[in-house]
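**Student:** One structure follows; several queries about it will come next.
The values are calculated or read from the model by the stated rules, or taken from the named source; none is laboratory data. These numbers were taken from a predicted model, which means no experiment stands behind them. Here the Cβ positions follow ideal geometry from the backbone for every residue, glycine too, while neighbour counts run over all protein chains shown.
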Amino acid sequence: MRKTIKYLLSTLTVLALLSTISIPKIASASTNLIGNPGFETGSISPWTGAGIYTVVNNNAHTGTYSARVEGTGGNSSFSQTISGLSPNTTYTLTGWFKVASGNVSIGVKNYGGSQIAYSTSNTSYTQQTISFTTGASNTSAEIFLWKGTAGYGYGDDFSVTAPDSTPMPTGISGSWNLVFSDDFNGTTLDSAIWNSNWFGATGQITPPVNSYELAAFDPARVSVGSGSLSLSAISSPVTISGTTYPYRSGLINTNGHKQFTYGAFEARIYLPASSTGVIANWPAFWADGQNWPTDGEMDIMEGLGGQAAYHFISSSGNPGASVSGDYTGWHTFGADWEPGIVKYYYDGVLVGTLTSGITSTPMYLILDYAVGTPYGGPTVIPNTMKVDYVRVWQH
Ligand SMILES: [Ca+2]
Ligand SMILES: [Ca+2]
């Protein structure tokens, strides 16, 4: 509330931004996500099957046991659903398979994309590797071996592994260490990292950031699920200190929990479109210092008048610009804040560089879905801004 009122009254520019963060869980590349991958327990669990299938103590690729499916003119298979995956993430499936006769297929399905399967008629073990990318809201995948023709088929030594590297900033070169990340993979917001209103007590509905916004920030408009944060704007009047706001929406920030001086900041965000195809409402991903504007406000993405824009606000001004192009839907928005310079990256492409008034004191992160013209785009209610992840890297 402090900062922006002054700023908005004096300029057409914008301000909101935000940033957020929490720490992501990143599986090691070497971790096999499949249980009982080589059937060496001597039983099928946690795999399940259909038709005729069993674990046998012969025909192993390694160890003692393999799993066998028998096609009898119908279909036989065994499969395992692995959970806890990250959405929009590419995993690698490998497995060894062979037949006594006919052919047998190895594959993956129910991960948010089309089923992928490969078959073999080889009577010696052969390895198949399949890459699959989970869908935007998918956190599981089903791995299977399937035989639709008569005769035995065998499988052994399956594995599914996560991407083999810690995520790096999209399009921002350099040597980086991931220092903060929230992938929003749980079912609740991490309150150890995030506040869910604008400088209010826990659970409190607060006024918006500045006087042009029409939505109060209600912690009930913040949710986490299906791999994403949701900030939902609805029509639901609320009166705070004598002022009635027609809408309620969501905001999260890390003030008091996490702040950063310099680094690469990035969020992958879904921005709803208006009926005219521009950015609806007034979404923002930004970072803010403790004393506004002395300690700076870095607007990484702000939906201003329907267009994505970046700015850096300080005592010496508010340079920045709108970025041409359609940024509705899913996109990444990043900024590389270095001493005396900030470079902005949208979808990994450098879209702007600012060198005036760049501050050097810590900032916390803010993500919000404000409502209101003329600074915001067309008001479209109800609507939901989503955030897949927020990350910060430093050198
Ligand atoms: Ca085995
Ligand atoms: Ca996510």
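**Student:** Taking Gly340 as meeting all but one of (1) within 17 Å of Ser181 (Cα to Cα); (2) without any contact (Cβ under 8 Å) to a residue 40 or more places away in the chain, write down the number of the exception.
**Tutor:** With respect to (1) within 17 Å of Ser181 (Cα to Cα); (2) without any contact (Cβ under 8 Å) to a residue 40 or more places away in the chain, Gly340 is out only on (1).
**Student:** For residues that are surrounded by fewer than 24 Cβ atoms within 10 Å (Cβ to Cβ) and charged (D, E, K, R), tally how many sit in the range 375-395.
**Tutor:** So in the range 375-395, the residues surrounded by fewer than 24 Cβ atoms within 10 Å (Cβ to Cβ) come out as 375, 378-384, 386, 388, 394-395.
Subset that is charged (D, E, K, R): 386, 388.
Total satisfying the criteria: 2.
**Student:** Just wondering, is there one or more residues in the range 23-37 that are within 16 Å of ligand 2 (Cβ to nearest atom), of a type in the set (Ser, Thr, Tyr) and at pLDDT below 70? First the steps, then the outcome.
**Tutor:** Of the residues in the range 23-37, the ones within 16 Å of ligand 2 (Cβ to nearest atom) are 23-27.
With of a type in the set (Ser, Thr, Tyr) added as a condition, the list becomes none.
No, the range 23-37 contains no residue that is within 16 Å of ligand 2 (Cβ to nearest atom), of a type in the set (Ser, Thr, Tyr) and at pLDDT below 70.
**Student:** Which of the residues spanning the range 352-374 are part of a strand (DSSP E or B), among the aliphatic types (A, V, I, L, M) and crowded, with 24+ Cβ neighbours inside 10 Å?
**Tutor:** Taking the range 352-374 first, the residues part of a strand (DSSP E or B) are 352-354, 363-370.
Within this subset, residues satisfying the condition of being among the aliphatic types (A, V, I, L, M) are 354, 363, 365-367, 370.
Result: Met363, Leu365, Ile366, Leu367, Ala370.
**Student:** Something else: Please tell me if Thr81 is within 16 Å of ligand 1 (Cβ to nearest atom) and not in a loop (DSSP other than H, G, I, E, B). Before you say what the answer is, go through the steps one by one.
**Tutor:** Numbers: within 16 Å of ligand 1 (Cβ to nearest atom): no; not in a loop (DSSP other than H, G, I, E, B): yes.
The answer is no for Thr81.
**Student:** Restricting the search to the range 30-67, which residues are β-branched (Val, Ile, Thr) and more than 15 Å from ligand 1 (Cβ to nearest atom)?
**Tutor:** Residues of the range 30-67 that are β-branched (Val, Ile, Thr), as a first pass: 31, 34, 41, 44, 48, 52, 54-56, 62, 64.
Matches in the range 30-67: Thr31, Thr48, Ile52.
**Student:** Sticking with this structure for a sec: Anything in the range 153-184 that is over 30 Å from Val99 (Cβ atoms), among the hydroxyl-bearing types (Ser, Thr, Tyr) and away from ligand 2 (no atom under 16 Å from the Cβ)? List them, or say none. Walk me through how you get there before you give the answer.
**Tutor:** Within the range 153-184, the first condition is being over 30 Å from Val99 (Cβ atoms), and the residues that meet it are 162-184.
Next, from what is left, pick out any that are among the hydroxyl-bearing types (Ser, Thr, Tyr): 165-166, 170, 173, 175, 181.
If the condition is that a residue be over 30 Å from Val99 (Cβ atoms), among the hydroxyl-bearing types (Ser, Thr, Tyr) and away from ligand 2 (no atom under 16 Å from the Cβ), then Ser165, Ser173, Ser175 are the ones that fit.
**Student:** Go through the range 88-116 and report how many residues are over 23 Å from Thr62 (Cβ atoms) and without any contact (Cβ under 8 Å) to a residue 40 or more places away in the chain.
**Tutor:** Residues meeting the conditions: 8.
**Student:** Within the range 100-112, can one find any residue that is part of a loop (DSSP other than H, G, I, E, B), more than 20 Å from Gly35 (Cβ to Cβ) and of a type in the set (A, V, I, L, M, F, W, C)?
**Tutor:** yes
**Student:** Moving on to the next point. Of the conditions (1) farther than 30 Å from Thr139 by Cα; (2) not assigned by TED's automatic domain parsing to the domain that holds Ser131, Ala264 clears all except one; give me its number.
**Tutor:** (1)
**Student:** Taking the range 124-151, which residues are in a strand (DSSP E or B) and closer than 17 Å to Phe78 by Cα?
**Tutor:** Selection gives Gln128, Ser140, Ala141, Glu142, Ile143, Phe144, Leu145, Trp146, Lys147, Gly151.
**Student:** Oh, and also: Of all residues in the range 290-328 being assigned to a strand (DSSP E or B) and of a type in the set (Ser, Thr, Tyr), which is farthest from the chain's Cα centre (by Cα)? It would help to see each step written out before you state the result.
**Tutor:** As a first pass, look at the range 290-328 and keep what is assigned to a strand (DSSP E or B): 297-304, 307-314, 317, 320-322.
Imposing the further condition that a residue be of a type in the set (Ser, Thr, Tyr) reduces the set to 310, 314, 322.
Values: Tyr310: 21, Ser314: 30, Ser322: 24 Å.
Within the range 290-328, the match that is farthest from the chain's Cα centre (by Cα) is Ser314.
**Student:** Here are Phe217, Phe184, Phe199: which of them is at pLDDT 95 or above, on the phi > 0 side of the Ramachandran plot and not assigned by TED's automatic domain parsing to the domain that holds Ser83?
**Tutor:** Details: Phe217 fails: on the phi > 0 side of the Ramachandran plot; Phe184 fails: at pLDDT 95 or above.
So the residue among Phe217, Phe184, Phe199 that is at pLDDT 95 or above, on the phi > 0 side of the Ramachandran plot and not assigned by TED's automatic domain parsing to the domain that holds Ser83 is Phe199.
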